Amino acid sequence: MRILFLTPTLGLGGSERLTVGSASGLRARGHKVALAYGVKNLQVEATRDPEIPTFDVSPVVPDVRSFAAWVANVRRVVSTFRPDVIHAQSVATAAVARAAAPGVPILFTMHGVPRESELTASLVLRLARVRATA
């Protein structure tokens, strides 16, 4: 299976380490994986593995202002990598993935949503038709 991980950042946080660890583990199990990211700072494990292609999507996290650029860049990644599934690591990247790849199934991992954003996040995830894990 071809799995594209889509994350807003590659920092030292828990969600970023989980993303890199999942990508590495799935590659070790024989899947083709790639990692597309926004802001890259200190998380470099994935870029050290020549079997995991990485795609720098944006120097900023996805938000209302950067959404169109994220979608265009992720569309190019999808065209190049041709994933069977996209594993989004945030509500925003789930929305980007749906807009960029309408026919590709999306898995979304819930890393945390502020209480005041729960209703909006729920609506976005329903509209994006994602399968969620927590």
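Taken together, the values in this text are just the output of simple stated rules run on the coordinates, not laboratory data. None of the values given here were measured: they were computed from a predicted structure. Cβ atoms come from the backbone with ideal geometry, glycine included; neighbour counts cover every protein chain shown.
So what's the net charge close to Pro102: Lys and Arg +1, Asp and Glu -1, counting the other residues with Cβ under 12 Å from its Cβ? It would help to have the intermediate numbers written out before the result.
Numbers: positive: Arg75, Arg98, Arg129; negative: none.
In short, +3.
Within the shell of other residues whose beta carbon sits under 9 angstrom from the beta carbon of Pro83, the net charge comes to +2, with Lys and Arg scored +1 and Asp and Glu -1.
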